[in-house]
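Chemist: This is the structure, below, for whatever I ask next.
The values are calculated or read from the model by the stated rules, or taken from the named source; none is laboratory data. Note that this is a predicted model, so its numbers are computed, not measured. Because the Cβ atoms are built from the backbone with ideal geometry, glycine has one as well, and the counts that use them run over all protein chains shown. What goes into the accessible areas is simple: the full protein's heavy atoms, side chains included, and nothing from ligands, DNA or RNA. Shrake-Rupley method; radii C 1.70, N 1.55, O 1.52, S 1.80 Å.
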2 protein chains.
Amino acid sequence: MKKTAGILKNGPLADMIGFRLRIAQSAAERAFMAAVQGTAPTGHFTILTLVRENPGSRQSAIARAAHLDRSSLVPVLDQLENLGLVERRKHKTDRRAHALYLTDAGQAALKKLERAVMKLEKQVREALGGNRTESLLRDLEDFSALF
Amino acid sequence: MKKTAGILKNGPLADMIGFRLRIAQSAAERAFMAAVQGTAPTGHFTILTLVRENPGSRQSAIARAAHLDRSSLVPVLDQLENLGLVERRKHKTDRRAHALYLTDAGQAALKKLERAVMKLEKQVREALGGNRTESLLRDLEDFSALF
DNA sequence: TATTGTTATACTCTATAACTATA
DNA sequence: TATAGTTATAGAGTATAACAATA
């Protein structure tokens with residue numbers, strides 16, 4: 001029997017979704033940062049993707065899709081705009097709102113990030129297997145929908 | 001066909017583990033806080049449990065088990081000690097180290113938190129099904145182990 | 001009245017680097 | 001030399017409340 005010197009017991013923690021989620025999420029975060037070599041945080045990737053998929057959206061809609069308060073999106077968009085990746089244009093019909101678009105540089109930057117992320121996802125699929133990866137995604141989705 | 005007014009497309013995000021993990025984890029965090037009525041953050045629950053399961057452990061061991069830097073554990077233990085839930089005692093053989101223990105109040109507080117959390121876990125099991133819950137736990141564990 | 005984006009502010013969580021006292 | 005705990009510090013990420021402009 002192998003000696004597990006200094007490894008502590010998780011106790012009931014091992015079977016708790018919240019604990020497992022926290023560990024998994026921080027692992028995913030680190031893996032993302034390594035994969036993109038620190039060029040962007042996960043939050044930028046998320047917002048860039050949502051804007052590309054829904055060009056012309058207003059900020060509040062993007063915030064909702066990212067599960068962020070609209071005020072939390074402001075500094076993120078400020079950064080992305082300063083980097084020249086996103087544009088806040090005038091909304092056509094609502095003068096309160098902004099319409100969000102990726103710039104050409106934003107499209108290019110997102111493509112580059114996506115290549116790195118896809119590679120990472122592929123590694124996970126190979127290690128975990130396609131079926132388990134799919135069921136993990138479904139389970140996470142259904143879990144989130146409970147609240 | 002139902003109208004999905006204002007719901008944005010996730011695009012490739014829907015199939016990305018990192019994104020799904022982030023949403024799920026923040027949902028779990030909110031659910032925990034609601035279940036315990038804000039009496040303790042998830043971090044306290046984690047540390048209390050680890051200390052109870054491994055009484056007499058030194059701080060660095062607990063930090064490792066919680067996937068935290070040892071310096072990040074210090075303020076958490078300070079809080080738990082101020083609340084009278086945890087004790088830093090002298091280590092028997094190593095005068096640099098502390099040996100951590102739950103106080104009686106700590107045992108009681110943890111039991112109360114556990115009741116709330118178990119109720120929450122049960123709800124998840126009922127909604128998701130026992131099998132999917134088990135496989136979700138296993139998948140998260142194996143996912144984390146990849147990095 | 002309600003919504004949009006913004007500001008001001010604050011809080012939580014976490015890490016890094018440097019320090020001390022031991023080992 | 002290396003480890004244990006601490007300190008000082010800083011950064012990321014997020015939320016709440018209040019505000020002006022507009023719907």
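Chemist: Could you list all residues from the range A:72-105 that are basic (Lys, Arg) and assigned to a loop (DSSP other than H, G, I, E, B)?
Modeler: Listed by number, the residues that qualify are A:LYS92, A:ARG95, A:ARG96.
Chemist: So if I check each of A:GLU121, A:GLU87, which one is open to solvent by less than 30 Å² (accessible area, probe 1.4 Å), charged (D, E, K, R) and free of Cβ contacts under 8 Å to residues at least 24 places away in the same chain? It would help to see each step written out before you state the result.
Modeler: Working: A:GLU87 fails: open to solvent by less than 30 Å² (accessible area, probe 1.4 Å).
Only one candidate qualifies: A:GLU121.
Chemist: What is the one condition in (1) closer than 23 Å to B:ALA28 by Cβ; (2) near DNA strand D (Cβ under 8 Å from one of its atoms); (3) in contact with a helix residue (DSSP H, G or I) (Cβ under 9 Å, 6 or more places away or on another chain); (4) away from every other protein chain (no Cβ under 14 Å) that B:LEU80 does not satisfy?
Modeler: (2)
Chemist: Got a number for residues in the range A:34-69 being among the aliphatic types (A, V, I, L, M) and within 11 Å of DNA strand C (Cβ to nearest atom)?
Modeler: Residues meeting the conditions: 4.
Chemist: Quick check on the range B:39-48. Is at least one of its residues more than 17 Å from A:MET16 (Cβ to Cβ) and surrounded by 18 or more Cβ atoms within 10 Å (Cβ to Cβ)?
Modeler: no
Chemist: I'd like to check something: does the range A:84-91 contain any residue that is at the interface with chain B (Cβ under 9 Å from one of its Cβ atoms) and either within 16 Å of DNA strand D (Cβ to nearest atom) or over 26 Å from A:PRO55 (Cα atoms) (or both)?
Modeler: No, the range A:84-91 has no match at all.
Chemist: Please determine whether any residue of the range A:68-75 is within 20 Å of the chain's Cα centre (by Cα), on the phi > 0 side of the Ramachandran plot and open to solvent by 60 Å² or more (accessible area, probe 1.4 Å).
Modeler: If we filter the range A:68-75 for residues that are within 20 Å of the chain's Cα centre (by Cα), which is where we start, we get A:68-75.
Adding the requirement that they be on the phi > 0 side of the Ramachandran plot leaves none.
Scanning the range A:68-75, I find no residue that is within 20 Å of the chain's Cα centre (by Cα), on the phi > 0 side of the Ramachandran plot and open to solvent by 60 Å² or more (accessible area, probe 1.4 Å), so the answer is no.
Chemist: Okay, moving on. Do you know which residues across the range B:52-71 are of a type in the set (Ser, Thr, Tyr) and closer than 16 Å to B:THR103 by Cβ? Please lay out each step first, then the result.
Modeler: Of all residues in the range B:52-71, those of a type in the set (Ser, Thr, Tyr) come to B:57, B:60, B:71.
Within the range B:52-71, just B:SER57 meets the criteria.
Chemist: Let me ask something additional. When you check B:GLY106 against the structure, is it on the phi > 0 side of the Ramachandran plot and either open to solvent by less than 30 Å² (accessible area, probe 1.4 Å) or more than 10 Å from every other protein chain (Cβ to nearest Cβ) (or both), yes or no?
Modeler: Numbers: on the phi > 0 side of the Ramachandran plot: no; either open to solvent by less than 30 Å² (accessible area, probe 1.4 Å) or more than 10 Å from every other protein chain (Cβ to nearest Cβ) (or both): yes.
Judged against the criteria, B:GLY106 is not a match.
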